[in-house]
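The values are calculated or read from the model by the stated rules, or taken from the named source; none is laboratory data. All values reported here derive from a predicted model rather than from experimental measurement. Neighbour counts are summed over all protein chains in view; Cβ atoms, including those assigned to glycine, are modelled from backbone coordinates with ideal geometry.
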Ligand code: AMP
Ligand code: ZN
């Protein structure tokens, strides 16, 4: 995807602070953190939003949650707790058209959000 910000970050064409990478996913620090820990996890494959998920491409989402749990343990916030957020579409607050998951931790996160 030529004009996709997160595809460019995955490709290294736009700099990011890498937190985790494997053959399927890439995780990096959010540029405008909303919590002491705010990591964005994306599939390397371009999927525009959760609206585009099907049984053919959704396997990577389970992997993303496993990666989040791994990061939580490694960074030491697993026990305190954390949150994953996926914004989908305009009303969902999505601003980047490449599916991504916000991993938030390091403070007591309010509920309900937004
Ligand atoms: P969303 O509003 O759910 O689409 O989330 C997009 C997120 O990407 C926001 O939290 C932004 O702060 C973050 N973001 C935008 N550009 C960059 C960038 N160049 N590097 C890291 N995070 C970014
Ligand atoms: Zn993309």
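Before we move on, is residue 78 outside any loop (DSSP other than H, G, I, E, B) and either surrounded by 11 or more Cβ atoms within 10 Å (Cβ to Cβ) or modelled with pLDDT under 95 (or both)? Talk me through it step by step, then tell me what you get.
Numbers: outside any loop (DSSP other than H, G, I, E, B): no; either surrounded by 11 or more Cβ atoms within 10 Å (Cβ to Cβ) or modelled with pLDDT under 95 (or both): yes.
The answer is no for residue 78.
For the stretch 1-24, how many residues are over 18 Å from residue 105 (Cβ atoms) and surrounded by 17 or more Cβ atoms within 10 Å (Cβ to Cβ)?
Selection size over the stretch 1-24: 5.
If I go through the stretch 12-39 residue by residue, how many of them are within 12 Å of ligand 2 (Cβ to nearest atom) and either at positive phi or assigned to a strand (DSSP E or B) (or both)?
Kept after step one, since they are within 12 Å of ligand 2 (Cβ to nearest atom), are these residues of the stretch 12-39: 13-14, 26.
Of the ones still in play, those that are also either at positive phi or assigned to a strand (DSSP E or B) (or both) are 26.
Of the residues in the stretch 12-39, 1 are within 12 Å of ligand 2 (Cβ to nearest atom) and either at positive phi or assigned to a strand (DSSP E or B) (or both).
Could you please find all residues in the stretch 96-110 being more than 12 Å from the chain's Cα centre (by Cα) and not in a loop (DSSP other than H, G, I, E, B)? Talk me through it step by step, then tell me what you get.
First pass over the stretch 96-110, keeping only residues more than 12 Å from the chain's Cα centre (by Cα): 97, 105-110.
Result: 105, single match.
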